[in-house]
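Step one of this worksheet: look at the structure below.
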Amino acid sequence: MTVRSREAIRLVLQISEREHGERLDKLIASRVTGMSRSFVQQLMKRGAILVNGEPCKPAQRVRYGDRLEVYLPPVEPPTDLEPEFLPIPVIYEDDDIIVFDKPPGIVTHPAPGHEHGTLVNALKAIRPDLQVQPSHRPGIVHRLDKDTSGLLVVAKTEAARLALLEQWQSRSVVKKYTALVHGVVEPDSGTIDAPISRDPIERTKMAVVSWGRPAITHFRVLERFRCATLLDVTIETGRTHQIRVHCAFIGHPVVGDSQYGGDRPFCVPVPRQFLHARYLRFVHPTTGQAIELETPLPYDLRTVLEALRHCEQEQARCRVRD
């Protein structure tokens, strides 16, 4: 692929003041969902990434106002998925469905820059005889972002896939998440009803815009800290990045979310965006019985909470001594 290839997908990114001085390959990998730094570096070698119209290098530092052009090769779904055994726990399985507890750092299905190491590759390894559409992401009816952990349902038959898709599209599935957001959320509970679509300026991001698709997020405060709030979040709709976009929209971005402003300095180390898909309730596609599944907060996020609580206790002791 060359820069002027007619088949290439062109993305234009504008560097914000907050991003000034960041390393170029790292920045692009964080801004373009599903793209790894190694893939970004490959594109640079091919001349498929330009800064202000000029070729660039991975270690180059960006400046406020820079204009980036990224030319992606057209997506060609793989015809033969490579089986890969990955440590992805299965928490429920029967003849029709399989439910994973997806760890962070794993993409749901292959995409440019992530052709391997995905949940679909793992599915192919443990269930090699699975024959479900579409062929490049068999049985997938919903997705989780790479750095979001939690419950993900996969259909094992075509009938199950269609039945599950209908439930997801009709909004009858109950989906609950645990999220830690910046700042102190004042109401104990609330609803964010704001339409979401592709960001008109930064096309790799989503945004609240008047012409967007309806998106509804409910939240309930579980615990407040001096610098953050732990939320129980339920989504009625399933728009791309919905929780992350809505939380940023109300001024409380998800802690650790580099794409939507949650990567600001924080009082304790955060390994990734603090978002976990903890609960699902849906109707079994064959038996008609209600299926309820829940998975606890993973170790990396529990560690963040424990550190936060320790900081709160230390600050309380200091106030008492003073």
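The values are calculated or read from the model by the stated rules, or taken from the named source; none is laboratory data. This structure is a prediction, so every number in the text was calculated from the model and none was measured. Cβ: placed from backbone, ideal geometry, glycine included. Neighbour counts: every protein chain shown. Note: areas computed on protein heavy atoms with side chains; ligands, DNA, RNA excluded. Shrake-Rupley method; radii C 1.70, N 1.55, O 1.52, S 1.80 Å.
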* Take the solvent-accessible surface of the protein heavy atoms, probe 1.4 Å, and return the percent of it on segment 44-197 that carbon and sulfur atoms account for. => 49
* Average Cα contact separation per residue, segment 157-266, under 8 Å, 6 or more apart, as relative contact order % -> 27
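When DSSP beta bridges are limited to those with both residues in the chain, what percentage is antiparallel, rounded to the nearest 5? All intermediate terms of the calculation are to be shown ahead of the outcome.
Values: 59 of 61 bridges.
Around 95 percent of the beta bridges assigned by DSSP in the chain are antiparallel ones.
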* Work out, step by step, the length gained on full extension between E82 and S170: first 0.36 nm times the residue separation, then minus their alpha carbon distance; give nm to one decimal. => 28.4 nm
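Using only helices, what value at 222 nm comes out for the chain when you add -39,500 (n - 2.57) per DSSP H run of length 4 or more and divide by the total residues, to the nearest 500 deg cm²/dmol? Intermediate values should be presented prior to the final figure.
Details: 6 runs with 68 residues, N = 322.
Mean residue ellipticity, 222 nm, calculated: -6500 deg cm²/dmol.
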* Asked: Accessible area per residue of the chain at 1.4 Å probe, in Å²?
  -> 50
* Structure fact -> Along segment 44-51, Karplus-curve 3J(HN,Hα) (6.51, -1.76, 1.60; θ = phi - 60°) to the nearest Hz, with x for Gly and Pro, reads 4, 4, 7, x, 9, 10, 10, 10
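Structure shown: which of K57/K102; K124/K175; K156/K176; K102/K205; K45/K102; K45/K156 lie over 30 Å apart, alpha-carbon to alpha-carbon?
Working: K57/K102 34 Å; K124/K175 26 Å; K156/K176 23 Å; K102/K205 23 Å; K45/K102 33 Å; K45/K156 40 Å.
Those over the limit are K57/K102; K45/K102; K45/K156.
Take the Cβ-Cβ distance between E186 and E93 as r, set R0 to 41 Å, and report the resulting FRET efficiency rounded to the nearest 0.05.
Details: r = 43 Å, r/R0 = 1.04.
Approximately 0.45, to the nearest 0.05.
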* Structure fact -> In segment 216-304, taking the dipole from +1 charges on Lys and Arg beta carbons and -1 charges on Asp and Glu beta carbons about the Cα centre, the listed residue (T295, Q273, I216) farthest towards the positive end is Q273
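May I ask you to order 137-145, 90-98 by the average number of other C-beta atoms within 10 Å around their residues, highest value first?
Values: 137-145: 21.0, 90-98: 15.2.
Result, highest mean first: 137-145, 90-98.
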* Structure fact -> For segment 109-217, the Debye formula with one identical point scatterer on each Cα and no solvent gives log10 I(q)/I(0) at q = 0.11, 0.16, 0.21 Å⁻¹ as -0.51, -1.01, -1.32
* Electrostatic dipole magnitude of segment 166-322 [Cβ: Lys, Arg +1; Asp, Glu -1; Cα centre; debye, to 20] -> 160
* Surface/4 estimate of mean projected area, convex hull on alpha-carbon atoms of the chain, nm² -> 18.6
* Sequence-distant or interchain residues sharing an amide H contact under 5 Å with M35, placed H: which? -> none
* Residue-by-residue Karplus 3J(HN,Hα) for segment 175-185, coefficients 6.51, -1.76, 1.60, Hz, glycine and proline x -> 10, 10, 10, 10, 9, 10, 10, 5, x, 9, 6
